[in-house]
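Values in this text are rule-based calculations from the coordinates and carry no lab data. Everything numeric in this text was worked out from a predicted model, so none of it was measured. So basically every Cβ, Gly included, is an ideal-geometry build from the backbone, and we count neighbours across all protein chains shown.
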Amino acid sequence: MPNLYRDPANPGRLALDLAFYGRLADPARRSRVLQHTIPPRSGWAWPVQAGQVCRLSTPEGAQVGDLNLWNLHNPRERFWASRTRQLQGAHVTTGARLWSCLPYLRPMVTLIADTLPTAPTPHGGRCHDLLGTRCDPYVYQLLDGRDLDVTCHNNLTRAVAPWHLTELDVHDVLNVFQVTGLDPVHGVYFMEASPAKRGDYLEFFAEQDLLCAFSACPSGDLSAWGWEPGSNVDRAWATCKPLGVEVYDVAPALLTGWRPPESPQVRPVGDAPVAG
Ligand SMILES: [Zn+2]
């Protein structure tokens, strides 16, 4: 066995208080403060306060969604998919955390509930993907010769415009409800149809004040996805469904002793190195 970047059997400094997060997942100890449905092929952005729980769902069945996260007060601190991939794995589920970029490197959210399958598919695909990124109009033009204006990059950009952010703030995503992997022959990224059913969900606990944005992908449930020119988008169109967002306040007693995570403290990185 090669050296693992993080050994799940020996979490060390990444160890979680699983009992704490388990209590947060109790639906009897929370009250809903926000509910929203994102129509097919569109996006939405909303704040989640530190200490709240947010549920992302598939209210009408299988649909993949692309998630972005920012610090609500400082959008330079945003979700870092590649470091999260190293720290948690290429696919995430309950107990994983989504980490922020440098120079912050702290948990933005902790996943506390997931109703999707966690076992790999016969092809080795797993759900909630950190390997790929959002679809965007530039790659559609590059590979398919069409200017598609409802890609996840478009949808996320439109969603964050009222928050004074632009497409330059949109970043690599968590592909929620999306099953992916790397093919064993070439190591090339693949996507499988989403297994999400009506009412499935992924829940996270906000470790800091967040701006979240979520796009209902124009490739729908990915069952008809492909790059063949001319028809792929039209076939995928028919599989598109809405996505659900809910935010909850949790019972204050559940948060006793919890504090938002702090960033690791290091010497100023551009300073001259210490001799020796
Ligand atoms: Zn997409």
The Cα radius of gyration of region 121-186, divided by 2.2 N^0.38 Å with N its residue count, comes to 1.32
When the charge dipole of the chain is computed with +1 at the Cβ of Lys and Arg and -1 at the Cβ of Asp and Glu, the Cα pointing farthest to the positive end, of 21, 91, 170, is that of 21
To the nearest 20 debye, the chain has a Cα-centred charge dipole, built from +1 on Lys and Arg Cβ and -1 on Asp and Glu Cβ, of 620 debye
Karplus ³J(HN,Hα) for region 168-177 (6.51 cos²θ - 1.76 cosθ + 1.60, θ = phi - 60°; Hz, whole; x = Gly/Pro) runs 6, 8, 5, 9, 4, 10, 9, 7, 7, 6
At 25 °C and 0.890 mPa s, the Stokes-Einstein diffusion coefficient in µm²/s for region 32-250, with hydrodynamic radius from the Kirkwood sum on alpha carbon pairs, is 143 µm²/s
Listing 108, 1 by rising number of other beta-carbon atoms within 10 angstrom, fewest first, gives 1, 108
Computed on Cα atoms, the radius of gyration and Dmax of region 1-104 in angstrom are 16.1, 47
If amide H atoms are modeled at 1.01 Å from N in the peptide plane, then the residues at a separation of 5 or more from residue 52, or on another chain, having amide H under 5 Å from its own are 206
The exposure ranking of 31, 263, fewest beta-carbon neighbours within 10 Å first, is 31, 263
Magnitude of the Cβ-charge dipole (Lys and Arg +1, Asp and Glu -1) of region 114-173 about the Cα centre, nearest 20 debye, reported as 140 debye
One quarter of the C-alpha convex hull surface, i.e. the mean projected area of region 39-151 in nm², amounts to 9.0 nm²
Restricting to Cα pairs under 8 Å and 6 or more apart, the percent relative contact order of the chain works out to 35 percent
